[in-house]
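In what follows, a single structure is set out as structure tokens and then discussed.
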Amino acid sequence: MARLLITGGAGFIGSHTCVVLLEAGHELLVLDDFSNSSPVALDRVQELSGRSLQGIEGDVRDAAVLEQLFANAASAGAPIEAVIHFAGLKAVVESVVDPLHYWDVNVSGTRALLSAMETHGCRSLVFSSTSTVYGEPDSFPLTETTPTDPIHPYAQTKLAVEQMLSALASTGDWRVASLRYFNPVGAHPSGRIGEDPLGIPNNLFPFITQIAAGRLEKLRVFGDDYPTPDGTGIRDYLHVMDLAEAHAAAVDHLLQSDAPLSLTLNLGTGQGLSVLDVVHGFEAATGITIPYEVVERRPGDVPKLEACPKQAANVLGWSAKRSLADMCRDGWAWQSANPQGYREAP
Ligand code: UFG
């Protein structure tokens with residue numbers, strides 16, 4: 001069992017991963033600035049796992065905070081052995097409007113983290129990357145050797161970090177894994193933790209669950225004239241608990257490796273679903289009708305993204321197990337029990 005630093009551990013993917021890691025016996029320090037997450041998530045992570053973690057409020061760009069964190073752990077005789085780095089910004093449109101902010105948080109933030117790690121001899125890192133680094137590909141499924149073509153600053157900053165990590169790994173002595181997530185959805189089956197976006201959700205799945213909860217009226221389906229069987233966009237949705245388990249497998253793999261390592265892995269199910277597949281899957285799993293209308297395409301959207309997940313299976317022995325019905329049932333368990341997310345109901 002290892003002592004791990006989890007940046008952004010109160011967020012959607014981070015909180016689910018913390019539950020899995022605590023249940024596996026790891027000791028966790030969680031650094032989060034709560035700019036797009038809630039400390040309540042960390043309370044519930046501890047409640048679900050029956051174990052405690054150490055939460056630290058701070059910004060990943062803050063070298064002094066990082067230095068103190070690594071130094072304190074070392075002087076307590078329990079140095080940090082590896083880091084899982086979730087902290088970052090992820091709204092595509094916002095990244096187009098304010099690219100410098102994205103380069104600052106996502107790239108400079110990671111650079112500050114890597115410097116602190118280097119100083120303290122902690123050289124194992126799992127990084128949250130994204131399937132959007134593939135841009136608008138035309139052959140499927142996407143393998144890790146499919147050429148990258150990031151088409152907005154969000155994806156550009158994620159790819160820049162991947163490049164920084166592989167350059168670092170080539171200096172020797174680092175073990176790094178860039179995990180390219182496809183579309184994580186759903187929630188812990190308890191309904192105690194889940195996705196809690198600020199304001200009106202940008203993403204399809206929380207938009208649907210908020211319609212079901214009565215917070216929103218109608219889904220706008222962004223285009224039904226894509227070159228796909230029903231004309232709506234196809235994505236590779238995966239259950240956030242499957243994704244959380246992939247992080248646990250990745251960090252174990254890095255810690256067990258005797259040699260320097262630089263991994264890039266797609267994390268998806270390998271089975272693309274259209275917007276209407278998700279709408280109808282949600283209706284079938286919950287019995288709730290989701291009203292929708294088809295509107296214009298959303299700028300920047302691509303017709304299809306679908307993973308080849310074989311490499312993750314070969315390297316980590318991990319593959320996604322949960323179905324669309326599981327994603328819908330668990331996502332709805334969270335939203336229905338917490339209609340206002342982690343905020344108190346008005
Ligand atoms: N969609 C709608 N209506 C909506 C929202 C989305 O029809 O209100 C459609 C989109 O057009 C797309 C599909 O649903 O075809 C999925 O869209 P999302 O916004 O849920 O997700 P994206 O594929 O656009 O991916 C984005 C980021 C990823 C990130 C993912 C989940 O680009 O990096 O959200 O956060 F992983």
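The values are calculated or read from the model by the stated rules, or taken from the named source; none is laboratory data. Everything numeric in this text was worked out from a predicted model, so none of it was measured. Cβ: placed from backbone, ideal geometry, glycine included. Neighbour counts: every protein chain shown.
Ala73 meets all of the listed conditions (1) farther than 16 Å from Leu5 by Cβ; (2) in a helix (DSSP H, G or I); (3) touching a strand residue (DSSP E or B) at 6+ places or on another chain (Cβ under 9 Å) but one, namely (1).
A single entry from Lys321, Lys310 fulfils the requirement of being under 27 Å from Thr264 (Cβ atoms) and surrounded by 14 or more Cβ atoms within 10 Å (Cβ to Cβ): Lys310.
Scanning region 193-236 for residues that are part of a loop (DSSP other than H, G, I, E, B), in contact with a helix residue (DSSP H, G or I) (Cβ under 6 Å, 6 or more places away or on another chain) and within 10 Å of the ligand (Cβ to nearest atom) yields a count of 6.
Residues that are in contact with a strand residue (DSSP E or B) (Cβ under 8 Å, 6 or more places away or on another chain), within 19 Å of Gly11 (Cβ to Cβ) and among the polar types (S, T, N, Q) were ranked within region 104-129; the one that is surrounded by the fewest Cβ atoms within 10 Å (Cβ to Cβ) is Ser129. When each of Gly214, Gly231, Gly223 is tested for being crowded, with 17+ Cβ neighbours inside 10 Å and on the phi > 0 side of the Ramachandran plot, the lone residue that passes is Gly223.
May I ask you to verify whether Gln271 is within 12 Å of the ligand (Cβ to nearest atom) and either in contact (Cβ under 8 Å) with a residue 24 or more places away in the chain or part of a helix (DSSP H, G or I) (or both)? First the steps, then the outcome.
Values: within 12 Å of the ligand (Cβ to nearest atom): no; either in contact (Cβ under 8 Å) with a residue 24 or more places away in the chain or part of a helix (DSSP H, G or I) (or both): yes.
Here the answer is no, as Gln271 does not meet what is asked.
What are the residues in region 116-133 that are more than 17 Å from Ser166 (Cβ to Cβ) and out of contact with any Phe, Trp or Tyr (no Cβ under 6 Å at 6 or more places or on another chain), if any?
Thr119, Gly121, Cys122, Thr132
Counting only residues that are assigned to a helix (DSSP H, G or I), within 14 Å of the ligand (Cβ to nearest atom) and farther than 16 Å from Ala91 by Cβ, region 134-167 holds 4 of them.
Is there a residue being hydroxyl-bearing (Ser, Thr, Tyr) and in contact with a Ser or Thr (Cβ under 8 Å, 6 or more places away or on another chain) anywhere in region 187-207? Scanning region 187-207, I find no residue that is hydroxyl-bearing (Ser, Thr, Tyr) and in contact with a Ser or Thr (Cβ under 8 Å, 6 or more places away or on another chain), so the answer is no. Cβ separations smaller than 6 Å between residues 6+ apart or across chains give the following pairs from region 51-80 residues that are modelled with pLDDT of 95 or more to residues that are assigned to a loop (DSSP other than H, G, I, E, B) and not β-branched (Val, Ile, Thr): Asp59/Asp33; Val60/Ala87; Val65/Gly58; Phe70/His120; Ala73/Pro79; Ile80/Cys122. What about Pro39, is it under 18 Å from the mean Cα position of the chain (by Cα) and surrounded by fewer than 17 Cβ atoms within 10 Å (Cβ to Cβ)? Answer is yes for this residue.
Going through (1) outside any loop (DSSP other than H, G, I, E, B); (2) within 13 Å of the ligand (Cβ to nearest atom); (3) more than 30 Å from Phe127 (Cβ to Cβ) one by one, Leu243 falls short only on (3). Residues in region 281-302 that are exposed (fewer than 15 other Cβ atoms within 10 Å of the Cβ), more than 13 Å from the ligand (Cβ to nearest atom) and not polar (S, T, N, Q): Ala284, Gly287.
The set of residues in region 168-192 being outside any strand (DSSP E or B) and either within 14 Å of the ligand (Cβ to nearest atom) or under 19 Å from the mean Cα position of the chain (by Cα) (or both) consists of Phe182, Gly186, Ala187, His188, Pro189, Gly191, Arg192. With respect to the conditions (1) within 16 Å of the chain's Cα centre (by Cα); (2) crowded, with 22+ Cβ neighbours inside 10 Å, Asn203 lacks only one, and its number is (2). For region 303-342, a tally of residues being among the polar types (S, T, N, Q) and within 16 Å of the ligand (Cβ to nearest atom) returns 1. The one condition from (1) closer than 20 Å to Pro197 by Cβ; (2) buried (at least 17 other Cβ atoms within 10 Å of the Cβ) that His101 does not meet is (2).
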